[in-house]
1. Roughly how big is the range 213-268's charge dipole about its Cα centre, with Cβ charges of +1 (Lys, Arg) and -1 (Asp, Glu), in debye to the nearest 20?
2. Mind checking the full-extension length gain between ASP458 and ARG210? Use 0.36 nm per residue of separation minus the Cα-Cα distance, one decimal, nm.
3. Looking at the range 201-301, which trypsin sites (Lys or Arg not before Pro) are DSSP coil and have at most 15 other C-beta atoms within 10 Å of their C-beta?
4. Taking the alpha-carbon distance from LYS438 and a cut-off under 20 Å, which lysines remain once sequence neighbours fewer than 8 residues away in the same chain are dropped?
5. ALA451 to ASP48: FRET efficiency via 1/(1 + (r/R0)^6), r the Cβ-Cβ distance, R0 22 Å, to the nearest 0.05?
6. Would you mind calculating the gained length between GLN105 and LEU333 on full extension (0.36 nm times residue separation, minus the Cα-Cα distance), in nm to one decimal?
7. Name the residue farthest towards the positive end of the dipole of the range 13-201 from the options ALA32, PHE165, THR61, assuming +1 on Cβ of Lys and Arg, -1 on Cβ of Asp and Glu, about the Cα centre.
8. Kindly write out, for the range 380-389 in residue order, the coupling ³J(HN,Hα) from the Karplus curve 6.51 cos²θ - 1.76 cosθ + 1.60 (θ = phi - 60°), rounded to whole Hz, with x marking Gly and Pro.
Amino acid sequence: MSPSTALAPSEPLTHRQILTILAGLMAGMFLAALDQTIVATSIRTIADDLQGLSVQAWATTAYLITATISTPLYGKLSDLYGRRPFFLAAITVFVVGSALCGFAQEMWQLAAFRAVQGLGAGGLFSLALTIIGDLVPPRERAKYQGYFLAVFGTSSVLGPVVGGFLSGQDAILGITGWRWVFLVNVPVGIAALVIVRRSLHLPHQPREHRIDWPGALALVIGLTPLLLVAEQGRDWGWTSARSLTAIVVGVLGLGGFFLAERRYGDDALLPLRLFRGRTFGIGSLLNFILGMGMFGGLAALPLYLQIVKGQTPTSAGLLLLPLTAGLMGGSVLSGQVISRTGRYKRFPVIGAVLLVISLGLLSTIGVDTPLWVTLLMTGMLGLGLGFNMQPLVLAVQNAVPPQDMGVATSSATFFRQMGGTLGTAVFLSILFSTVGDKILAAVRAGSAAPAFQAALRDPAVLSDPTGSAVVRALDEGSGTLPAGALDDTSFLGRLDPRLARPFLEGFAGSMDLVFRVAALVLLVALAAAFFLPEEKLRSLSGIDARREDAEAEALAVAAGATAAVASAVSAPSSQMVDGEVLEEDRAG
């Protein structure tokens, strides 16, 4: 590389300049974070309106697949060609996808447009954190990354509230209410585009490379069927021919991805040499396990609040405020301490301990557990998450060469997302595969109670369509459940409390099992956290570190050229005369 290709010198950004850039980055991240929760609340209304309830899961699956697969692609391409164009592209694609979703006319069309949204979302999370890594040294980075987790936490609370409100409106400005779930992204995305275009100008150092197309293709072939079976396996049947075929194709695709990455070396989409570093390898493992336990546990919490405690989706979202407060508090506290001390390892360890304890406590909640007790436990869960999410990203970013910052950051998001997808699939399968037996066990245990027997003979219950259907199906504990009882639990709100009690106890028991399994999974994360190395945090930002490396490389090239010239000058010169070699510098 010639000195002319080195990064241009620049003055360090001021705190105010960084905050200006942060505004655009956080607006972009807010789009993706809000979309995950706002759609989940309103998807039932959307599916009913588009007459596609049976295929509504595909709208979520399509988004998940494209967002997950595109995440490492954004990381690698931004390392090669610069962050700014790809972050702008991610926002643009997401906004276009949102606008298309807002005008979808049927469910399969919505699923296709959600896939477009996912293509943009894959770059919003990872590139925002990568750009902060470019601008701010690792020791100061934790303070700024806390802002992003604040956005993530805020969106997790706002999403259910806003989604419930919009989907509950018949029309807003002449447009069906649920369509604003997607259309609201358009003005926010345009504002983000304007801010990023004006404020984000990062120097970039081009370098020679090969594009790892075989690796990218193998990644798509490997992950698409595995994500499909993770999302749809419970409906397909885990041992069905469709599921097994998807698993085999996925494993073969991942095998091809490994071979492609080994062949392409440093140019690989995810260079295998990075895993030889203990911090990157253990950090990736921790992100995967934490994503699995975290999202698995979080999948059961809203269900507990809505099914067992009878909360609406909107109020259940508000009741997760303690979790959000814990996450934000843990992020801010860890960021401040890391900035002052330069030490980060203690937080993943303490965070994993808090996660195991909180999930262990949540595995004891039941129908009669006071709500405030549950909220305290969720607050502890959020604190554990806050102590883990930011320090792990920081550790991985700090452990890799500056030119691999994008790959490192996107890999942290990628492995956490993969773990979360697997965890959600496994834990929801545990819940729904055990809840039927637990409900029937609760019916048998309570069938002799006078209140239950009275409910079975109560004329008011028998005259109610819901109550009479339950009485006929249960047949006083004969071993059957009402048809569709596990697919649509809304009947519990209309059911006599004496008959509803066994259902609530069964669901609570299965959710307790989910929390216990999640706690066991996170015990593995706790053990792995002790092996996470604590490397000294770099004092340079990603841009400055790359500039320093470029200058050192240029000096090395110049020194090598000087040495070669000196060697040529000092070597004995010779010339050919009449077929004889005459050495001018021969002694004597």
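Derivation of every value follows stated rules applied to the coordinates shown; laboratory data play no part. Everything quoted here is computed from the prediction, not taken from an experiment. We place every Cβ from the backbone using ideal geometry, glycine too, and count neighbours over all the protein chains shown.
1. I would put it at about 200 debye.
2. Difference between extended and current length: 81.7 nm.
3. Hits after loop and neighbour filter: ARG207, ARG210.
4. LYS309
5. Efficiency computed from Cβ-Cβ geometry: 0.05.
6. Full extension from GLN105 to LEU333 adds 77.4 nm.
7. The residue sitting most towards the positive pole is ALA32.
8. Result, ordered by residue: 5, 4, x, 4, x, 5, x, 6, 9, 4 Hz.
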